[in-house]
Each structure stands twice: as structure tokens, then as C-alpha cells.
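J.: After the C-alpha cells below, expect a handful of questions from me.
The values are calculated or read from the model by the stated rules, or taken from the named source; none is laboratory data. Worth saying up front: this structure is predicted, and the values here are computed from it rather than measured. Cβ placement follows ideal geometry from the backbone for every residue including glycine, while neighbour counts extend to all protein chains displayed. The accessibility values were calculated without ligands, DNA or RNA, using every heavy atom of the protein model including side chains. Shrake-Rupley method; radii C 1.70, N 1.55, O 1.52, S 1.80 Å.
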Amino acid sequence: MTKTTVTQTIVQRVAEFAASVRAKGLPPQLRDDAARRVLDVLGNSLAATGERPAAAVGALVREWGGNGRATAIGSGEKLPDPSAALLNGTLAHSLDFDDTHLPSVLHPSASVVPAALAVAESRGATGAQLLDAIGVGIEITVRLGMAGYDEELGNSVFFEHGLHATAICGALGGAAAAAMLSDVDEAGIADAIGIAASMGSGLLEANRTGGTVKRVHCGWAAHAAVTAAGMARHGITGPPTVLEGRFGFLQAFCGDQAHVDEIVTGLGTDWELPGIFFKPYPCNHFTHAGIDAARRLRARGVDPASIAGLELGAPTAVLRTIGEPREDKIHPKSGYHAAFSGPYTVAAAFLGGGGLGVFHEDFTDEAAADPARLALAAKVTCVPDSRCDEIFPHQFPAVLRARLTDGTEVEERVDVNRGGPGNPLSADELATKFRLNATRVVSADTADRITELTYGLAGLGDLSELTGLLR
């Protein structure tokens, strides 16, 4: 008798990995890291509840109505799972304060955590089950992002095409997490991922010229994730070759530049999760090294009044986001638009700075229209820097050169970003970030209790006390 060899497709291998983690659980260290991601998302979300996109999405999902079983962060009201995921994902990404994976250059937690939290709460999951699903969902998200990273290009192929990999890949990772928390088997997890592959979307033009739609991207990804898992639970199926097929996910988005092996090589043994960067500043990650360089110059005694000109050197690829069009970047249209401006963020680091150095008060519409900040931003010229090009996108480096009115020139170069493995935020800094975010909405005592419950998720039998505090 001839023995037949059965070859798994990529999505089947991914689903097998997810089902295995669901059965065995994540190692304690990875659960701890997943809990830190949850705390970061909750803090960012609470801080964003006063933002206009959140209000708009909140009004929309209330119009939709439905049987509510999942908590809307910031109000405490119960919404249907997909609606809660949409609103909470919008909150999570609204302030651009969510974590970043390098070199894929995407923000995985803002889609995965809201999707998993909505399903976990509505289906009565334990804290440990929630953490396991989040850990797997984030891992899948960033591996899909890495499949679209081209080493020769030195950048994400998604990004080069104007595509928001965060939302596109996040829909699939979120679907895996949501399916793990639903009553589906391993094949159902594969189906959920396959279904979500038809749903993920997002364009990056708002980074360049404004508009608030990008803040909704992670919400829509989380909504798609929950919807896909629900469809799989009710019998909708996905293509078995949805990732690697001729008309599959990677070919459609990345073409011949896709690297499918990045999805499965070392899956389950070599984890990307612990190396994902936390953000110290609520603005586009490409601007962070420039902020740190400006803060260092300020600490060295450089007086903004003495600055005749500033040159911000950055990787060539990021200048499209933080430096172009120049007139828009030196005159941002809003506080949110200012968060994607290299010139403005440098000015804010010199003239403002709260919280961990630059904080939410630096990105209000009023701050973005401040004449002093705009005058200093107008002195900033953004240029490509060859050393930064060599480092990017494994870090988002920058060099800032100041020419002073007395003819002196001073320089600060930042090669390693704060918040990542090479320069991590301490436990105290992460706790401070959460507290500063959360206390914009809740009391300090409530913030401390949320922190305690989140760090103790692995031992919680249900999520009711935690979700009850998210109002």
C-alpha cells in the first residue's frame, strides 16, 4: 500500500499552533508580557475616550443597538461583541500611543486586545484564557507583518504600497485570538483566519495629509476579527490556502516580495511578543528619536530662543510620513496631525513636555496652533541620513543638529529607541504611563486597582471586576 503524505497549508499550521497554546497555555513569562500589553491598551483607550473619533464611533454603535455582552471602555455600557471591539479598537489606536513591532512597523495590540477582550468577556473566559489568546493573536499579527517585510528593500512592502499593515494583519491575528476564545475547534480557528483575510483593510494617506479615519483602522480590524470568529462558529469556512495561494493574502498585498516562511519558521518556539516596543510618547513612532534628541539638547542647555535652525536627519523611508508635505508638517491641521510631524514634535520636545517627556497636552488642537511651537517647527528641515538608513527599520533612529544664533552647532544622535529591548521602559515608567493615561478618566485608586487586576489576570476566574472598572 502506498503511504500518502499529507501536507498542511500555512493557515492550518498556524491554527494548530493556536489550538496547542489554547490546550497547554502560554509559559508564565509570556503571560506576563501579554498582561503588560493589556494594561498598555487599557490605559491608551481610557485616555482616548474624549477624542472625537471615539465619540463618533460610539454614536454609531449605539445606533446599531443589539444584545450587549461586552464592555465599552470609558462608559461601562454593554455592547454586542463586534460593536465593543470596534469602539475599543478605535480607542486603542486613537492617540497613536500603542506598541510597535520592528521591523514590520505595525502596532499589533490595538487590534488583538480589543477583539479578544470583547469575546472573552461575553463568553465568560478566564483571565488566563484571555492572555493565551492575546499572546497568540499578537504573534500571528507580527509574523504576517514580517512576511511582508523585504530585507533588500529595507521596509515593509505593505507600507511601500500605502497599506496599513497594522489593521490588515491585525484582523487576522485578532480573528485567531477571538476564535481561540470561541467554541470552535482547530479547523474553526483556521476558518476564522481565512474569513478575516477578506476583511482586513486600511490606507495610510491620512498620515500624510490628515483625516481621522486612521484612528478607526484598529477598531475595524477588531470588529472584523470578532465577526470572522463568529462566522466560523456558525459554519462559514475560509480557503485552506488563504495565506500562500495564488489569490491569497500575501500575493494580493505583497506580490512576489512576500516571504511566507516568516509566518511559520520557529512558530511556538521563537516568540516575537517580548521584543515588541512600548511607546513612551503619544505620537507616530518615527518621531520618537527626534523627540529624544531634542530633549537631550534641551538638557544640555540649548535655549529654544537661541536656535537659528534645526536639521532633523532620519531614515529616507520615514520622511514621507514625518516630513512631507513640508508645509503641512510645519503647520499641522490638528493636534492629531501634529503627532505625525517631525518638525512639530521636535518643537514640542523643546517647548512643552509633560508626563514622560512629551504627552497628550502637546497634541491638542490648541497646542498644534501655538505660535511659538509653529515658529520653532518652521526652523526644522527634515533630511535623509545615511547612518539612519543603515539602522532602519530595526530601530527608528534620528539625528538632530542645531545651529545657534551665535554660530555654534550642536548635535544629538539617537540610534536606539526607548521602549524596546535595547532601551526598555522600566516597570515604574510603564506604570506611570498607565496611571497618567487612566487618570484622565478614572480616579487614582481605580487606576491602581485596574493595574493590580491586569497584572493578576493569569489567576482571575472571570473578568467581571476588571471590566466593571473600565468606565
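J.: Determine whether Ala427 is within 23 Å of His101 (Cα to Cα) and in contact with a Cys (Cβ under 7 Å, 6 or more places away or on another chain).
T.: No: the conditions fail for Ala427.
J.: For the stretch 370-384, state whether one or more residues are open to solvent by 40 Å² or more (accessible area, probe 1.4 Å) and modelled with pLDDT under 95. Can you show your working first?
T.: So the first thing to find is which residues in the stretch 370-384 are open to solvent by 40 Å² or more (accessible area, probe 1.4 Å), and the list is 370-372, 375, 378-379, 381, 384.
The next check asks that each one be modelled with pLDDT under 95; those that pass are none.
No, that holds for no residue.
J.: Could you tell me whether any residue of the stretch 397-410 is of a type outside the set (Val, Ile, Thr), exposed (fewer than 13 other Cβ atoms within 10 Å of the Cβ) and assigned to a strand (DSSP E or B)?
T.: yes
J.: If you don't mind, another one. Mind counting the residues in the stretch 64-97 that are part of a helix (DSSP H, G or I) and without any contact (Cβ under 8 Å) to a residue 24 or more places away in the chain?
T.: 1
J.: A follow-up question, please. Are there any helices (runs of 4 or more DSSP H) wholly within the stretch 246-304 with 1 or more residues that are without any contact (Cβ under 8 Å) to a residue 12 or more places away in the chain and of a type in the set (A, V, I, L, M), and if so which?
T.: 249-254, 288-299
J.: Any idea which of Gly268, Gly301 is farther than 20 Å from Pro343 by Cβ and either touching a Phe, Trp or Tyr at 6+ places or on another chain (Cβ under 8 Å) or β-branched (Val, Ile, Thr) (or both)?
T.: Being farther than 20 Å from Pro343 by Cβ and either touching a Phe, Trp or Tyr at 6+ places or on another chain (Cβ under 8 Å) or β-branched (Val, Ile, Thr) (or both) holds for just one of Gly268, Gly301, which is Gly268.
J.: Applying the selection to the stretch 316-352, what residues are open to solvent by 10 Å² or more (accessible area, probe 1.4 Å), assigned to a helix (DSSP H, G or I) and among the charged types (D, E, K, R)?
T.: Those that are open to solvent by 10 Å² or more (accessible area, probe 1.4 Å), assigned to a helix (DSSP H, G or I) and among the charged types (D, E, K, R): Arg320, Arg326, Glu327, Asp328.
J.: Using the structure shown, decide if Val242 is among the β-branched types (Val, Ile, Thr) and over 22 Å from Leu86 (Cβ atoms).
T.: Spelling it out, Val242 is indeed among the β-branched types (Val, Ile, Thr) and over 22 Å from Leu86 (Cβ atoms).
J.: Additional query: Under 8 Å by Cβ, and 6 or more places apart or on different chains, what pairs join a residue from the stretch 432-448 that is among the aliphatic types (A, V, I, L, M) with one that is assigned to a helix (DSSP H, G or I) and open to solvent by 50 Å² or more (accessible area, probe 1.4 Å)?
T.: Close Cβ pairs (under 8 Å, with a partner that is assigned to a helix (DSSP H, G or I) and open to solvent by 50 Å² or more (accessible area, probe 1.4 Å)) amount to Ala444/Arg435; Ala447/Arg435.
J.: How many residues does the stretch 218-238 hold that are buried (at least 18 other Cβ atoms within 10 Å of the Cβ), free of Cβ contacts under 8 Å to residues at least 60 places away in the same chain and either out of contact with any Ser or Thr (no Cβ under 8 Å at 6 or more places or on another chain) or polar (S, T, N, Q) (or both)?
T.: Result for the stretch 218-238: 3.
J.: Quick check: anything in the stretch 1-23 touching a Leu at 6+ places or on another chain (Cβ under 7 Å) and under 30 Å from Tyr281 (Cβ atoms)?
T.: no
J.: Considering only residues that are basic (Lys, Arg) and modelled with pLDDT of 95 or more, which ones fall in the stretch 441-471?
T.: Result: Arg449, single match.
J.: For the stretch 168-193, give me each residue that is among the aliphatic types (A, V, I, L, M) and more than 24 Å from the chain's Cα centre (by Cα).
T.: Result: Val184, Ala187.
J.: Pull up the stretch 298-315, narrow it to residues that are surrounded by 24 or more Cβ atoms within 10 Å (Cβ to Cβ) and of a type in the set (A, V, I, L, M), then point me to the one that is nearest to Gly419 (Cα to Cα). Before the answer, list the steps.
T.: Here is the first cut: in the stretch 298-315, the ones surrounded by 24 or more Cβ atoms within 10 Å (Cβ to Cβ) are 310, 312-315.
Cutting the leftovers down to of a type in the set (A, V, I, L, M) gives us 310, 312, 314.
Numbers: Leu310: 25, Leu312: 21, Ala314: 19 Å.
The qualifying residue nearest to Gly419 (Cα to Cα) is Ala314.
J.: Considering each of Pro108, Pro103, Pro80, Pro114 in turn, give the residue that is surrounded by fewer than 23 Cβ atoms within 10 Å (Cβ to Cβ), at pLDDT 95 or above and not hydrophobic (A, V, I, L, M, F, W, C).
T.: Residue meeting the stated conditions: Pro80.
J.: With (1) closer than 25 Å to Leu436 by Cα; (2) in a helix (DSSP H, G or I) as the list, and Ala15 as the residue in question, which single condition is left unmet?
T.: (1)
J.: Can you tell me which of Arg373, Arg320, Arg326 is within 14 Å of Pro304 (Cα to Cα) and not aliphatic (A, V, I, L, M)?
T.: Numbers: Arg320 fails: within 14 Å of Pro304 (Cα to Cα); Arg326 fails: within 14 Å of Pro304 (Cα to Cα).
That would be Arg373, the only listed residue that is within 14 Å of Pro304 (Cα to Cα) and not aliphatic (A, V, I, L, M).
J.: Among the residues of the stretch 51-71, is there at least one that is open to solvent by 30 Å² or more (accessible area, probe 1.4 Å), at pLDDT below 95 and within 24 Å of Thr287 (Cβ to Cβ)?
T.: For the stretch 51-71, residues open to solvent by 30 Å² or more (accessible area, probe 1.4 Å), at pLDDT below 95 and within 24 Å of Thr287 (Cβ to Cβ): present.
J.: Looking at the stretch 139-161, which of its residues are open to solvent by 20 Å² or more (accessible area, probe 1.4 Å) and at pLDDT 95 or above?
T.: Met146
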